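Enquirer: My questions all concern the structure below.
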Amino acid sequence: MESVGENLDQERKPMEVFVTNQPYMLYETVELLRAFVNETDPEDLTMEGEFCLAPQEVRDVMAAACQGVDPEDKWVRHFFLEYPILDDSDQSTCLASCIAYSIFNISMKETTLEQQLAFVVNQWNVYRRTGYHISAVDRFGIDIDLMPTQEPVRLSDELKRLPLSSDFYFLVHEAFSDLDFSAAQLLRVIRPVAERLLALLRPYVRRAAALAERWSHFFQNREMLYELLRSRAGVVEEDFIDRVYLVLRYLHSRYVTGNSSPKERALGFHMGVGVDLILTDEDQVRSATSLDLEAAAFKLLGDKGRRDIIRVLRKEAMTMQEVAHRLKVNSGTVFRNINSLYNAELLIRENHGGHFFYRSKISYIQTIFDHMMEFFRDDDLAEEE
């Protein structure tokens, strides 16, 4: 007689895994030009790691790919000049990032720059007809989610809740009011750089084939996948994933972006080559952590209003409106604080019936405090020596 567990194992579909080391050129080119225009230190685009570019290699790639680009050009600055996000996250963003990352492409199957931009434009046109919600802004841009509604959605109402300067608000509003035109102009600016960058990245793409193979092996195991998701998101609805897509990221190699589609039972990652995956005999995962990012999150916790939100969301998940009602605080203030906490990965966001609920990520907060104490102890030891 078969057990229930055996029946479930037989009914469970095998995981479909699609991993590639080929760069997603829309994201890579936007990151390179953004760093070039804002004079970002090339070291910030990479980190130490087996598959990462060395800082000097990033400098060489930037110089060669951006050859002939005038950082003072009107359209170059229009798309790539950074504007600060007006919260306490110490982040900034630019119009090109807002366009490129606004609607995450889970499968990332589009292979050309033209196709990748066309995906964003086509999806945005569907969203505008169907209904959408702009839920947050961070260094990657604005976060747009499909949210079908009977009433037409006003773009201005969605944008005005975000902590944006008036100048950047008007830039984003203009761009997304006619995204076909804006995307065409962005393509005109970045296409020559993308063509040169693709050729320059080839040696690093070949080297990263081994890393792609490691990730492919990793994602074949559902339990390991769920453990990774728990470590990053805290809460995971198991057995909702049948397909995983992963594209390796070469610039800003410490970052991971991604999204899921419960309807398609799919999950997509744009995974930095600096995210260190080590498979031990116990199949454990170790990811590189950044003390600077944790320090920024630690700073956010110095504000009583944000601490109150963390405490309220520790026991149950709530919407922004419910948090504002519970704390008797202005909803705009709550929106800005939750946006900052979510960007710093101090909150988990869950989608239930088209509504976003937030929950405190207590395990990560504990990790931050532990790492801070380790840092101070190490510093004390160094001084004593």
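The values are calculated or read from the model by the stated rules, or taken from the named source; none is laboratory data. On a predicted model such as this, the values are computed, not experimentally measured, just so you know. Cβ placement follows ideal geometry from the backbone for every residue including glycine, while neighbour counts extend to all protein chains displayed.
Enquirer: Assuming ASN125 fulfils every condition listed in (1) part of a loop (DSSP other than H, G, I, E, B); (2) farther than 22 Å from PHE335 by Cβ apart from one, which condition is it?
Expert: (1)
Enquirer: Right, something else. Please count how many residues of the stretch 225-261 are within 14 Å of the chain's Cα centre (by Cα) and either of a type in the set (D, E, K, R) or modelled with pLDDT of 85 or more (or both).
Expert: 10
Enquirer: Quick one: in the stretch 324-373, of everything that is within 16 Å of the chain's Cα centre (by Cα) and in a helix (DSSP H, G or I), which residue is surrounded by the fewest Cβ atoms within 10 Å (Cβ to Cβ)?
Expert: TYR342
Enquirer: Can you tell me how many residues in the stretch 33-73 are under 22 Å from VAL189 (Cβ atoms), small (Gly, Ala, Ser) and part of a loop (DSSP other than H, G, I, E, B)?
Expert: 1
Enquirer: Among residues belonging to the stretch 299-320 that are assigned to a loop (DSSP other than H, G, I, E, B) and among the small types (Gly, Ala, Ser), point out the one that is surrounded by the fewest Cβ atoms within 10 Å (Cβ to Cβ).
Expert: GLY302
Enquirer: Mind checking whether some residue in the stretch 196-203 is at pLDDT below 95, assigned to a helix (DSSP H, G or I) and crowded, with 18+ Cβ neighbours inside 10 Å?
Expert: No, the stretch 196-203 has no match at all.
Enquirer: Taking only pairs six or more apart or across chains, which ones have beta-carbon atoms under 6 Å, a first residue in the stretch 116-134 that is among the aliphatic types (A, V, I, L, M), and a second residue that is assigned to a helix (DSSP H, G or I)?
Expert: As it stands, the answer is LEU117/ALA183; LEU117/LEU187; VAL121/LEU179; VAL121/ASP180; VAL121/ALA183; ILE134/GLU158, since those pairs meet every condition given.
Enquirer: Does ALA288 count as modelled with pLDDT under 80, within 25 Å of the chain's Cα centre (by Cα) and among the hydrophobic types (A, V, I, L, M, F, W, C)?
Expert: yes
Enquirer: Determine which single condition VAL30 fails, assuming it passes every other condition in (1) under 27 Å from VAL244 (Cβ atoms); (2) modelled with pLDDT of 95 or more; (3) loosely packed, with under 13 Cβ neighbours inside 10 Å; (4) not polar (S, T, N, Q).
Expert: (3)
Enquirer: Let me ask you something else. Take the residues of the stretch 343-384 that are closer than 30 Å to LEU86 by Cα and basic (Lys, Arg): which is modelled with the lowest pLDDT?
Expert: ARG349
Enquirer: Continuing with the same structure: Restricting to the stretch 245-262, name every residue that is part of a strand (DSSP E or B) and either closer than 14 Å to PHE104 by Cβ or assigned by TED's automatic domain parsing to the domain that holds ALA65 (or both).
Expert: Those that are part of a strand (DSSP E or B) and either closer than 14 Å to PHE104 by Cβ or assigned by TED's automatic domain parsing to the domain that holds ALA65 (or both): TYR245, LEU246, VAL247, ARG249, VAL256, THR257, GLY258, ASN259, SER260, SER261.
Enquirer: Would you say SER107 is assigned to a helix (DSSP H, G or I) and either buried (at least 21 other Cβ atoms within 10 Å of the Cβ) or modelled with pLDDT under 95 (or both)?
Expert: Answer is no for this residue.
Enquirer: Failed condition for ALA295, given (1) under 18 Å from the mean Cα position of the chain (by Cα); (2) modelled with pLDDT under 80, with all others met?
Expert: The failed condition is (1).
Enquirer: Taking the criterion of being in contact with a helix residue (DSSP H, G or I) (Cβ under 6 Å, 6 or more places away or on another chain), assigned to a strand (DSSP E or B) and surrounded by fewer than 17 Cβ atoms within 10 Å (Cβ to Cβ), would at least one residue in the stretch 141-150 satisfy it?
Expert: yes
Enquirer: Another question, if that's okay. Residue check, GLN321 against (1) in contact with a helix residue (DSSP H, G or I) (Cβ under 7 Å, 6 or more places away or on another chain); (2) within 18 Å of ILE85 (Cα to Cα); (3) not small (Gly, Ala, Ser), all met but one. Which one?
Expert: Failed condition: (2).
Enquirer: Would you check if ASN122 is within 24 Å of VAL244 (Cβ to Cβ), modelled with pLDDT under 90 and either crowded, with 21+ Cβ neighbours inside 10 Å or in the same structural domain as PHE79 (by TED's automatic domain parsing) (or both)?
Expert: No: the conditions fail for ASN122.
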